[in-house]
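Asks: Could you have a look at this structure, given as C-alpha cells, before my questions?
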Amino acid sequence: MSCYDCEEEFLSVYTKIKLVKGGKPVINREELEAVRDEFSGFCSHSAELIRKLDFTDLQAINEKFQKKASRNRSWLKPCFEYKNNQLYPTYQFYDFTDTTYGEFMSFFAYEQYKHLIPAAPIKCNHQNKEQLKPYLYSAKKVADYLTETFAQKYIDKEVELRRWPIHMQDTTSIFTKDLAKALELPGTKANFQKFNRYAQNAIAVLLKEGQGNLVLSEREYGNLEFNNLKRILCIAPVLENLCTSSYYGKGQSEFNIMIKDGQIKFNERTLVDYDPYGDFSDEYTVHEKQL
C-alpha cells in the first residue's frame, strides 16, 4: 500500500500522523484536500495519482475504510464516527496500511509546509464548568498521577544531562524544595502546579466527551489513546518530550490508564529482556493497580 492509490488509504495514514502529533481528533474534507494538494506538489512520481483523490463523500470513504480495516478483524467495531460531515476517530482506529516510511511520511517532517499539524490543547469552556463537576474527582486523581509521574521522569532526564544533583532524585526536590527554581531550570514547582490545574480540567473535558470513559496511553502510537495524553502534555513541551517512543529499550516502561464507570485502572508494562534475533518473545513485567 502506498497511500496514493485510494482515498481510504490516504485517510488512514493521515489520521495516524495527526493523532501522533496531538492534533484535534476530527477529520474533515477541507483539510484532506489541502494536504492532498500540497503533497502532490511535494511528491515527484505520483503527483497525478494524488491529485485525483476525491474527498467529497467522507461517509462513503469511511465505509470503504472500515471494510479494509476489518478484513482480517471481523470483530472490529467502527474506527470512525461520522457526524456533521466529519470523521471522529474512535478507540478502535488503527492505520491498516501500516505505513512507517515513504514520501508521505517524509512530507510531514518538513516544517515549512502549511500542512504542519499543531498539537491542540483541550479547552475548558467556563460556561460548561457545572457540567464537568461529576468528572472532577476522577480527573484530579489522574492529573495528580500524571504530575507526579512526569515530575519523576523530568528529574531523571535532568540527572542524565548532569544538570540535577543525583542525591536529590525524588519529587520532593520539586514540590517541597523547588530546586529547579534555584537551578534556573524549567521544572519548577509553579510550572508543575500550572500543569496539574490544566490537566485536571482537560481530563474532565475528555471524560465529559466520553460520557465518563477515557483511555490514556504513554506509548507513542497513532491512536486515540496516545492522542489524549499528547493533548494533555502539549502545554508543557518539557514534559511532552518525555513520552515513551513507539520503540523502547530494556528497563523502560509505558503506562496505560483506563477510566470506566468511575473506576480508574492503571497498567504499567516494563521491558525486562528482548530478543534481538526475533527467535523468542520479548519479556515484560506488568504492574496493575487501581488509582
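The values are calculated or read from the model by the stated rules, or taken from the named source; none is laboratory data. Model, not experiment: these values are computed from the prediction. Please note: Cβ atoms are built from the backbone with ideal geometry, for glycine as well, and neighbour counts cover all protein chains shown. Just the protein is used for accessible areas: all its heavy atoms, side chains included, with ligands, DNA and RNA removed. Shrake-Rupley method; radii C 1.70, N 1.55, O 1.52, S 1.80 Å.
Asks: Quick check on this structure: which one of Val215, Val142 is outside any loop (DSSP other than H, G, I, E, B), in contact with an Asp or Glu (Cβ under 8 Å, 6 or more places away or on another chain), open to solvent by less than 80 Å² (accessible area, probe 1.4 Å) and within 30 Å of Phe93 (Cβ to Cβ)?
Replies: Working: Val142 fails: in contact with an Asp or Glu (Cβ under 8 Å, 6 or more places away or on another chain).
Unique residue meeting the criteria: Val215.
Asks: Go through the residues of region 171-191 one by one and say whether even a single one is part of a loop (DSSP other than H, G, I, E, B), within 24 Å of Phe96 (Cα to Cα) and modelled with pLDDT of 95 or more.
Replies: Keep residues of region 171-191 that are part of a loop (DSSP other than H, G, I, E, B), which gives 171, 176-178, 184-188.
Keeping just the survivors that are within 24 Å of Phe96 (Cα to Cα) gives none.
Scanning region 171-191, I find no residue that is part of a loop (DSSP other than H, G, I, E, B), within 24 Å of Phe96 (Cα to Cα) and modelled with pLDDT of 95 or more, so the answer is no.
Asks: So Asn196 clears everything in (1) in contact (Cβ under 8 Å) with a residue 60 or more places away in the chain; (2) open to solvent by 10 Å² or more (accessible area, probe 1.4 Å); (3) in contact with a Ser or Thr (Cβ under 6 Å, 6 or more places away or on another chain) except one condition, right? Which one?
Replies: (1)
Asks: Which residue, of His115, His126, is more than 30 Å from Thr56 (Cβ to Cβ) and modelled with pLDDT under 95? Reasoning before the result, please.
Replies: Numbers: His115 fails: more than 30 Å from Thr56 (Cβ to Cβ).
Sole residue among the options that is more than 30 Å from Thr56 (Cβ to Cβ) and modelled with pLDDT under 95: His126.
Asks: Applying the selection to region 27-43, what residues are over 17 Å from Asp5 (Cβ atoms) and either in a loop (DSSP other than H, G, I, E, B) or without any contact (Cβ under 8 Å) to a residue 40 or more places away in the chain (or both)? Step through it out loud before you land on a result.
Replies: Within region 27-43, the subset over 17 Å from Asp5 (Cβ atoms) is 27-31, 33-34, 37-38, 41-42.
Passing the criteria: Glu30, Glu31, Glu33, Asp37, Gly41.
Asks: If we keep just the residues of region 18-56 that are open to solvent by less than 50 Å² (accessible area, probe 1.4 Å) and of a type in the set (Ser, Thr, Tyr), which is nearest to the chain's Cα centre (by Cα)?
Replies: That would be Ser40.
Asks: Among the residues of region 75-95, write down those that are in a loop (DSSP other than H, G, I, E, B) and open to solvent by 30 Å² or more (accessible area, probe 1.4 Å). Before you say what the answer is, go through the steps one by one.
Replies: Keep residues of region 75-95 that are in a loop (DSSP other than H, G, I, E, B), which gives 75-79, 84-85, 90-95.
If the condition is that a residue be in a loop (DSSP other than H, G, I, E, B) and open to solvent by 30 Å² or more (accessible area, probe 1.4 Å), then Trp75, Lys77, Pro78, Asn84, Asn85, Thr90, Tyr91, Gln92, Tyr94 are the ones that fit.
Asks: Could you run through region 146-168 and say how many residues are among the hydrophobic types (A, V, I, L, M, F, W, C) and either open to solvent by 50 Å² or more (accessible area, probe 1.4 Å) or not in a helix (DSSP H, G or I) (or both)? Give the derivation first.
Replies: Kept after step one, since they are among the hydrophobic types (A, V, I, L, M, F, W, C), are these residues of region 146-168: 146, 150-151, 155, 159, 161, 164, 166, 168.
Checking the rest, the ones that are also either open to solvent by 50 Å² or more (accessible area, probe 1.4 Å) or not in a helix (DSSP H, G or I) (or both) come to 161, 164, 166.
Of the residues in that region, 3 qualify.
Asks: Of all residues in region 169-178, which are open to solvent by less than 70 Å² (accessible area, probe 1.4 Å) and not small (Gly, Ala, Ser)?
Replies: Here is the first cut: in region 169-178, the ones open to solvent by less than 70 Å² (accessible area, probe 1.4 Å) are 169, 171-175, 178.
Hits for region 169-178 are Gln169, Thr171, Thr172, Ile174, Phe175, Asp178.
Asks: Answer yes if at least one residue in region 19-26 is closer than 30 Å to Ala202 by Cβ, of a type outside the set (A, V, I, L, M, F, W, C), in contact (Cβ under 8 Å) with a residue 60 or more places away in the chain and in a helix (DSSP H, G or I), and no otherwise. Spell out the reasoning first.
Replies: First pass over region 19-26, keeping only residues closer than 30 Å to Ala202 by Cβ: 19-26.
Retained after the next criterion (residues that are of a type outside the set (A, V, I, L, M, F, W, C)): 21-25.
Retained after the next criterion (residues that are in contact (Cβ under 8 Å) with a residue 60 or more places away in the chain): 21-25.
This time we only want the ones that are in a helix (DSSP H, G or I), so: 21.
Yes, some residue in region 19-26 is closer than 30 Å to Ala202 by Cβ, of a type outside the set (A, V, I, L, M, F, W, C), in contact (Cβ under 8 Å) with a residue 60 or more places away in the chain and in a helix (DSSP H, G or I).
Asks: Only residues that are open to solvent by 30 Å² or more (accessible area, probe 1.4 Å) and at pLDDT 85 or above: list them for region 243-271, please.
Replies: Across region 243-271, the qualifying residues are Asn256, Met258, Lys260, Asp261, Gly262, Gln263, Lys265, Asn267, Glu268.
Asks: Still on this model: Would it be correct to say that Gln59 is touching a strand residue (DSSP E or B) at 6+ places or on another chain (Cβ under 9 Å) and more than 30 Å from Leu233 (Cβ to Cβ)?
Replies: In short, yes.
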